[in-house]
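Here is the structure we will look at.
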Amino acid sequence: MCGIMGYVGKKQAGPVILDGLSRLEYRGYDSAGIAVRDDSGDVRIVKAAGKLKNLAEMTQNGSSLEGTCGLGHTRWATHGEPTQTNAHPHISLNEEEHSGAAVVPQVTGVHNGIIENYQELRIKLLRHGYRFYSDTDTEVLVKLVDYYYKKYKVGPIDALAKTMVRVQGSYALAVMFADYPGEIYTARKDSPMIIGVTEDETFVASDIPAILKYTQSIYYAENLEMARLIPGQAIFYDLNGDIVPKTPQIAEYSADSAEKGGYEFFMLKEIYEQPKAVRDTISAFTPDGEVDFSAEGLLPDDAKNVERLYIFACGSAYHAAVLSQYVFEELAGIPVRVEMASEFRYRAVPLEKNSLAIVISQSGETADSLAALRKAKEQVLKTLSIVNVSGSSIARESDYTLRTPAGPEIAVATTKAFSAQVIVLYLLALWIGSGKGRMDRERCREYLEEIRQIPEKIEEILSDKTKIQWLASKFSNAKEAFLIGRGIDYAVSMEGSLKVKEVSYIHSEAYAAGELKHGTISLLEKGTLVIGILTQKDLYEKTLSNLIECKARGAYIAALTGRGNSGIEETADFTMYVPETAQPFMGSLALIPLQLLGFYISIAKGLDPDKPRNLAKSVTVE
Ligand code: F6R
């Protein structure tokens, strides 16, 4: 979603802000803008529809804007078209400015999130003489801050507090006041925002990669918290205007981790980082060679007492949940219910008390997943989150957090974070299974040993990608593809299908293999690509017979299976083998070729797999 980058310090703000915005591009956006304030108090604003390079060209990479304090924004349109006028920053003046001419608005601001009652606030402000040049809720928000600032003749913090009490919705807001040169003020509710400091500079951004190059010293802004940013310092306030003492934390990422490191695309880099992500995840939760979550506050008795699991997530994280359902049933023997967070939040699902609700989210900020967590919290015993971003909202609001140490994920399509999530879920299944006495220590150790070998096996798959590249180029002009499987293989189909469709724009569908006959098979034509996933031994024959049915209707059959199943070549037109591991964990291996397939089709079509159209990395609105 939208990206914020603000700077106050000794450097020229323009180039720093544009650099930070470029590191937030992965979040998805369709217009961008920047406002820099010079020493005389003039603010210069430049905005552009489309890619950041337009803004960079218009401002000579930010250097044409004089001043050491400024705000930048990449906008993913919600209210109003992605036009230059609707792009942020917005100002409290009645007329817009986006050409770099000097203006002196009392309030200049950028915002992520959605102001739900903006129509009502707009009418109120119109009555007070304000006029609006854009269709955005952000312009209303900026003007409301201006209104309270002038009406009550209070300082910026009080004006922001009054605004926060009045608005409904979510926001990460950063503003400059004409009366307070060299200062930025922020406010946050349910939208991500971090603040970084060095000795003489302060940054505000939507995500850590924007500022990692400059500092690893990070503050996480809390919900309903405001901050005053001056060079080298951030002072936090609660809604009453009282100072909230806070110390910065050191970001666990290195500056290099958010760079491409020799790869042309982040997606490929992250696919290749999976062995490490998986290895680090296993080490994090097996400190003495056995699964142990006590450092996260989960004790063996907690495993014994859990009677049921509810898992909530969106997108790929939801697919990780679906995959884990089979693993939990098999290894832990407890009932699991997996729900799309966006569906669950508006349903009246009664939850059993003695259950653990798990929310899975790479970003830890997905609005629907956060809402599902809050809803589940009211009913269940405990909540647990699996997130990749520490300090994220979902991590902070859950009782326990298991953080996947996958490092920053920049490509929009998730790969390494997904693989790490799945490993945490395997370990949780082992932990509950052994805690409940479903499996003895020996069995648990054997499974753990299998999990430990997964990184090496992923490396092996990644070491030869020529077959997948061949398949990708053969089908790069395909209109559609079907991925089918049963059980865990069905879950892999779901995630594989999403990978293919989101970066290659080929319409691809995942079907439970047994469901094909109930309607979908009528779509098959001569040459339609059907990818069968057959890693589960007890389901192999069943899925094979479904593939034979597809072949009989003219489909091109690509099979993805474990090494031992060479008999598949009699049916399949194309076969891809992955190494074997224990059956419950085969999904971790089978998915890798499908991630590569999506990536290479995208490349074959000349697309940018890192930034698929219309998508945002962190979906902080409903
Ligand atoms: C697809 C993808 C998305 C995310 C979904 C949830 O490749 O990345 O489907 O999985 O938007 O995001 P998080 O995990 O941040 O909650």
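Does the range 32-42 hold any residues that are modelled with pLDDT of 95 or more and within 12 Å of Ala102 (Cα to Cα), and which are they?
Within the range 32-42, Ala35, Val36, Arg37 qualify.
Does Leu299 qualify as being within 22 Å of Arg403 (Cβ to Cβ), away from the ligand (no atom under 16 Å from the Cβ) and among the aliphatic types (A, V, I, L, M)?
When the stated conditions are applied, Leu299 passes them.
Within the range 574-622, how many residues are assigned to a loop (DSSP other than H, G, I, E, B), in contact (Cβ under 8 Å) with a residue 40 or more places away in the chain and closer than 18 Å to Ile423 by Cβ?
Count: 3.
Any idea how many residues of the range 347-374 are on the phi < 0 side of the Ramachandran plot and within 16 Å of the ligand (Cβ to nearest atom)?
Summing the residues that are on the phi < 0 side of the Ramachandran plot and within 16 Å of the ligand (Cβ to nearest atom) in the range 347-374 gives 17.
When residues of the range 561-606 are filtered for being among the polar types (S, T, N, Q) and crowded, with 23+ Cβ neighbours inside 10 Å, how many remain?
Looking only at that region, the number is 4.
Take the conditions of a type in the set (S, T, N, Q), over 19 Å from the mean Cα position of the chain (by Cα) and at negative phi and apply them to Gln453. Does it pass?
In short, yes.
Can we say Val165 is within 31 Å of the chain's Cα centre (by Cα) and either part of a strand (DSSP E or B) or surrounded by fewer than 16 Cβ atoms within 10 Å (Cβ to Cβ) (or both)?
Considered against the rule, which asks whether it is within 31 Å of the chain's Cα centre (by Cα) and either part of a strand (DSSP E or B) or surrounded by fewer than 16 Cβ atoms within 10 Å (Cβ to Cβ) (or both), Val165 comes out as yes.
Name, by its number, the condition in (1) within 16 Å of the ligand (Cβ to nearest atom); (2) farther than 19 Å from Gly496 by Cα; (3) hydrophobic (A, V, I, L, M, F, W, C) that does not hold for Ala582.
The number of the failed condition is (1).
Is the range 273-282 home to any residue that is surrounded by 19 or more Cβ atoms within 10 Å (Cβ to Cβ), within 16 Å of the ligand (Cβ to nearest atom) and either small (Gly, Ala, Ser) or under 22 Å from Ser434 (Cα atoms) (or both)?
yes
What do you reckon, is Ala313 outside the structural domain of Met193 (by TED's automatic domain parsing), within 29 Å of Pro609 (Cα to Cα) and aliphatic (A, V, I, L, M)?
Judged against the criteria, Ala313 is a match.
Only one residue in Ala372, Ala411 is among the hydrophobic types (A, V, I, L, M, F, W, C), more than 12 Å from the chain's Cα centre (by Cα) and closer than 27 Å to Arg188 by Cβ, so which one is that?
Ala372
For the range 263-293, what are the residues that are of a type in the set (Ser, Thr, Tyr) and more than 29 Å from Arg23 (Cα to Cα)?
Ser283, Thr286
Is it the case that the range 206-222 has a residue that's acidic (Asp, Glu) and farther than 23 Å from Arg188 by Cα?
For the range 206-222, residues acidic (Asp, Glu) and farther than 23 Å from Arg188 by Cα: absent.
Inside the range 480-497, can you point out the residues that are in contact with a helix residue (DSSP H, G or I) (Cβ under 6 Å, 6 or more places away or on another chain) and either within 12 Å of Ser316 (Cα to Cα) or among the charged types (D, E, K, R) (or both)?
If the condition is that a residue be in contact with a helix residue (DSSP H, G or I) (Cβ under 6 Å, 6 or more places away or on another chain) and either within 12 Å of Ser316 (Cα to Cα) or among the charged types (D, E, K, R) (or both), then Arg486, Ala491, Val492, Met494, Glu495, Gly496 are the ones that fit.
Return the residue satisfying two criteria in turn: it lies in the range 607-622 and is buried (at least 16 other Cβ atoms within 10 Å of the Cβ) and over 14 Å from Lys501 (Cα atoms), and of such residues it is farthest from the ligand (Cβ to nearest atom).
That would be Val621.
Conditions tested, residue by residue: (1) hydrophobic (A, V, I, L, M, F, W, C); (2) modelled with pLDDT under 95.
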| site | (1), (2) |
| --- | --- |
| Asn94 | no, yes |
| Gly100 | no, yes |
| Asn112 | no, yes |
| Glu116 | no, yes |
| Glu120 | no, no |
| Ile123 | yes, no |
| Tyr133 | no, no |
| Lys143 | no, no |
| Pro156 | no, no |
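Condition test on Gly554, is it in a helix (DSSP H, G or I) and either within 16 Å of the ligand (Cβ to nearest atom) or of a type in the set (Gly, Ala, Ser) (or both)?
No.
Regarding Phe344, is this residue in contact with a His (Cβ under 8 Å, 6 or more places away or on another chain) and within 15 Å of the ligand (Cβ to nearest atom)?
So Phe344 does not fit the description; no.
Any idea which of (1) in contact (Cβ under 8 Å) with a residue 24 or more places away in the chain; (2) charged (D, E, K, R); (3) under 21 Å from Trp470 (Cα atoms) is the one Glu569 doesn't satisfy?
Failing condition for Glu569: (1).
Somewhere in the range 248-260, is a residue buried (at least 21 other Cβ atoms within 10 Å of the Cβ), under 24 Å from Gln421 (Cα atoms) and not charged (D, E, K, R)?
Scanning the range 248-260 turns up at least one residue that is buried (at least 21 other Cβ atoms within 10 Å of the Cβ), under 24 Å from Gln421 (Cα atoms) and not charged (D, E, K, R).
Scanning for something over 24 Å from Gly113 (Cβ atoms), touching a strand residue (DSSP E or B) at 6+ places or on another chain (Cβ under 8 Å), in contact (Cβ under 8 Å) with a residue 12 or more places away in the chain and not hydrophobic (A, V, I, L, M, F, W, C), does the range 385-399 turn up at least one residue?
Within the range 385-399, one or more residues are over 24 Å from Gly113 (Cβ atoms), touching a strand residue (DSSP E or B) at 6+ places or on another chain (Cβ under 8 Å), in contact (Cβ under 8 Å) with a residue 12 or more places away in the chain and not hydrophobic (A, V, I, L, M, F, W, C).
Can you name the residue in the range 121-136 that is in contact (Cβ under 8 Å) with a residue 40 or more places away in the chain and within 18 Å of Gln84 (Cβ to Cβ) and is also surrounded by the fewest Cβ atoms within 10 Å (Cβ to Cβ) among such residues?
Asp135
Report yes if His73 is within 16 Å of Leu24 (Cα to Cα) and at pLDDT 95 or above, otherwise no.
Answer is yes for this residue.
Could you tell me which of the residues Phe312, Phe293, Phe328 is among the aromatic types (Phe, Trp, Tyr), more than 12 Å from the ligand (Cβ to nearest atom), surrounded by 24 or more Cβ atoms within 10 Å (Cβ to Cβ) and in contact (Cβ under 8 Å) with a residue 12 or more places away in the chain?
Among Phe312, Phe293, Phe328, only Phe328 is among the aromatic types (Phe, Trp, Tyr), more than 12 Å from the ligand (Cβ to nearest atom), surrounded by 24 or more Cβ atoms within 10 Å (Cβ to Cβ) and in contact (Cβ under 8 Å) with a residue 12 or more places away in the chain.
Criterion first (crowded, with 22+ Cβ neighbours inside 10 Å, touching a Leu at 6+ places or on another chain (Cβ under 8 Å) and not polar (S, T, N, Q)) does Ala159 satisfy it?
The answer is no for Ala159.
Could you say whether any residue in the range 506-527 is of a type in the set (D, E, K, R) and either assigned to a strand (DSSP E or B) or closer than 15 Å to Ile592 by Cβ (or both)?
yes
Does the range 455-467 include one or more residues that are buried (at least 22 other Cβ atoms within 10 Å of the Cβ), of a type outside the set (S, T, N, Q) and either closer than 21 Å to Lys611 by Cα or without any contact (Cβ under 8 Å) to a residue 12 or more places away in the chain (or both)?
No, every residue in the range 455-467 fails to be buried (at least 22 other Cβ atoms within 10 Å of the Cβ), of a type outside the set (S, T, N, Q) and either closer than 21 Å to Lys611 by Cα or without any contact (Cβ under 8 Å) to a residue 12 or more places away in the chain (or both).
The values are calculated or read from the model by the stated rules, or taken from the named source; none is laboratory data. Just so it is clear, the structure is predicted and the values come from calculations on it, not from any experiment. Here the Cβ is made from the backbone with ideal geometry for all residues, glycine too, and neighbour counts use every protein chain on show.
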